[in-house]
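What follows is one structure encoded as structure tokens, with my remarks underneath.
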Amino acid sequence: MKQLFARGWNYAVMLFKGVMAAKIWLFAYVLFILIPASILLYVHAQKSSHILEEEVTNTMLQTLKQASINLDSQFNSVRATSNTLFMNPKLVEYLSRTATINQQLDTLKDLRLLVENAQTNMSVFRVRIFVNGERLYTGERVNFFALDSLKKWPWYDMVMQAEGSIVWTGAYLESYISEENPTYIFSGARMLRDINSFDQISGVLLIDVAEKSITDILNKMKLTKEGSIYLLANDGTVISHPDKSLLGKKIREDDQLDVIAHNEEGIVRLIDDNNPKFAIYSTVSSTGWKIVAEVPQTEISSRVVALNQFSGIATISSVTILFLLLVFILLAIIVRNMNRRIQTVIRTIKRGGIESLDERPFQSDGDFKLLENSVDHLIHKVHDLMEETYQSKVQEREAQLRALQAQINPHFLYNTLDTINWIAIGHNATDISHMINGLAKYFRLSLNKGRDLVSVTDELNLAKVYLEIQQTRFPKSFEVHFDISEGLNEIEMPKLTLQPIVENALLHGIRKSKGKTGAIWIQARKEEDVLVLSVTDDGIGMDSELVQSLLTEPRPMMKSDGSGSSYGLYNVNERIKLFAGDAYGLEIHSSIGEGTTVMVRIKYRQPSDKPPL
């Protein structure tokens, strides 16, 4: 077995060397024989396919012309019935004269006999006559109807303008008392005049034709399996179509539609990148409608292939043999070049600074195994470098977060101590205990045992303590309203996020207003995985220029007495982005004299969740 394998291998090597040695001859063969032969075969196939395609489409056109003759015969038969009724003197007389109830009953019998005789025509589905509503027999609603019920009909004005000529309608859905289900029909409509007063209209005559009788004629042709056959009016609107939603609409808006409208018959290639088609059309002379058959090009191509099966098989076989030969030659060239490129890649990796590559114990499994081991080692090296970079980035962001949190202005401590001092001087120390207790709570919540994250409940309590202290400092100058949703206690957020916003609302919103009084509303809720906090005041508000700059530009620090221009919002916004990502942060909405709303959006997490990158 080994000897047989060795012989086969040696034979393949020799064949390969022979092919490589004869590469000049192979190049000449491809250039002077294979390529010209392929071009000739392609041109021959295209030319024969084009000729056969024309023959197939012309055959379809002849079939379609025969269908148009059949339809023309059917519509002419209906036209003859309409003419017979239109010219019947009794019908004109009955509709024009004034009669008593008994006379109208007798008239109804005579008219019904006329209608029944007309409906013996196999092409006629129903005869309907619309007359003056004062006629007793308009309540019959089988063959006779009130004329007023027809005035909302979309073709009514056309019938009136035709002055007694037949107007053919497109297919529409009509319900009959004698029929269980609504039926799609065509109607040949014409106006009837009063013989006693020719300028008066005595009625409208409708000869209904079932659309099914028309579509049966079209379907018997079996012209296309995947395409569709339909009728078009002269203006391009659809008269009849398998897809009823297209009735009364223009199926296309392009030059091809104009070609169909202005020619009696022909073949048009429809421009459609997704599904190229042929439109084969012929005219029904009695109505002027066009029978259009849309046949996919793939269907015609399949018929062409069937007609030219032997030639196609011979062509495909020749091309296949030539292709396989060319593939074999190219494969030999590609394998040789691939081997050379593998060696180049391995040398490049070794020169790329991977120190231990040469020291690894490679097995003699060939160049591919060596390349696999080299790339594997390279991937591990890159992974280690990425891990080191990741750790350094995490440490850098943590340092930035701590640095920004450390920048919280200490002026509040000075203001509070100063206030306590003045209270102690001006009173009998009654409120000092309260102020000191509030200050202690504030520091306990804000320091949070050195942790950078606090629960939403603690952050809200910190804002409450701050406002209690400020209410003591500025008694009866503002009101506070809280609207807190349930289930927020376990959610963590960066500490000292809400207090600077509340401080701005009080000192820059309410305290700078004319009356130095107002109200603050604080809300907290969850929206899917986002924590939303908002602080609203009814203070002086800000202009749009200042609002835009608060989150994009760091501002000077406040002085210890609370003066200065700092709003602290840039600091808070940056800390939120470091904590949750650039998609989160603050939104400010404010107008002069209407107050300010600051909204905080943070992607929240539970205490056990992994910190964000």
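The values are calculated or read from the model by the stated rules, or taken from the named source; none is laboratory data. Quick caveat, the model's predicted, so the values are computed rather than measured. Cβ atoms come from the backbone with ideal geometry, glycine included; neighbour counts cover every protein chain shown.
Looking only at the range 280-304, filter to residues that are among the hydroxyl-bearing types (S, T, Y) and part of a helix (DSSP H, G or I); which one of those is surrounded by the fewest Cβ atoms within 10 Å (Cβ to Cβ)?
T298
Mind checking which strands (runs of 3 or more DSSP E) fall wholly inside the range 212-279 and carry at least 2 residues that are within 31 Å of the chain's Cα centre (by Cα) and crowded, with 18+ Cβ neighbours inside 10 Å?
Ranges flagged: 228-232, 238-240.
Does P554 satisfy being crowded, with 19+ Cβ neighbours inside 10 Å, modelled with pLDDT under 90 and touching a Phe, Trp or Tyr at 6+ places or on another chain (Cβ under 7 Å)?
Against the criterion (crowded, with 19+ Cβ neighbours inside 10 Å, modelled with pLDDT under 90 and touching a Phe, Trp or Tyr at 6+ places or on another chain (Cβ under 7 Å)), P554 does not qualify.
Which members of the range 61-81 meet the condition of being crowded, with 20+ Cβ neighbours inside 10 Å and either touching a Gly at 6+ places or on another chain (Cβ under 6 Å) or hydrophobic (A, V, I, L, M, F, W, C) (or both)?
If the condition is that a residue be crowded, with 20+ Cβ neighbours inside 10 Å and either touching a Gly at 6+ places or on another chain (Cβ under 6 Å) or hydrophobic (A, V, I, L, M, F, W, C) (or both), then L64, A67, L71, F75, V78 are the ones that fit.
Among the residues of the range 121-170, write down those that are of a type in the set (F, W, Y), part of a helix (DSSP H, G or I) and at pLDDT 90 or above.
Result: Y156, single match.
If Y94 passes every condition in (1) of a type outside the set (G, A, S); (2) surrounded by fewer than 20 Cβ atoms within 10 Å (Cβ to Cβ); (3) modelled with pLDDT under 85 but one, which one does it miss?
Of the numbered conditions (1) of a type outside the set (G, A, S); (2) surrounded by fewer than 20 Cβ atoms within 10 Å (Cβ to Cβ); (3) modelled with pLDDT under 85, the odd one out for Y94 is (2).
For the range 482-504, give me the residue count where each residue is touching a strand residue (DSSP E or B) at 6+ places or on another chain (Cβ under 8 Å) and more than 27 Å from D529 (Cβ to Cβ).
1
Hey, could you check the range 153-202 for residues that are more than 20 Å from T287 (Cβ to Cβ) and surrounded by 14 or more Cβ atoms within 10 Å (Cβ to Cβ) and say which is nearest to the chain's Cα centre (by Cα)?
So, considering only residues that are more than 20 Å from T287 (Cβ to Cβ) and surrounded by 14 or more Cβ atoms within 10 Å (Cβ to Cβ), the one nearest to the chain's Cα centre (by Cα) is Y176.
Cβ-Cβ under 9 Å, sequence separation 6+ or interchain: first residue in the range 506-520 and assigned by TED's automatic domain parsing to the domain that holds T472, partner of a type in the set (K, R). Which pairs?
Pairs that qualify, where the first residue is assigned by TED's automatic domain parsing to the domain that holds T472 and the partner is of a type in the set (K, R), are I510/K516; T517/K476; G518/R511.
Within the range 508-551, how many residues turn out to be surrounded by 14 or more Cβ atoms within 10 Å (Cβ to Cβ) and acidic (D, E)?
Selection size over the range 508-551: 2.
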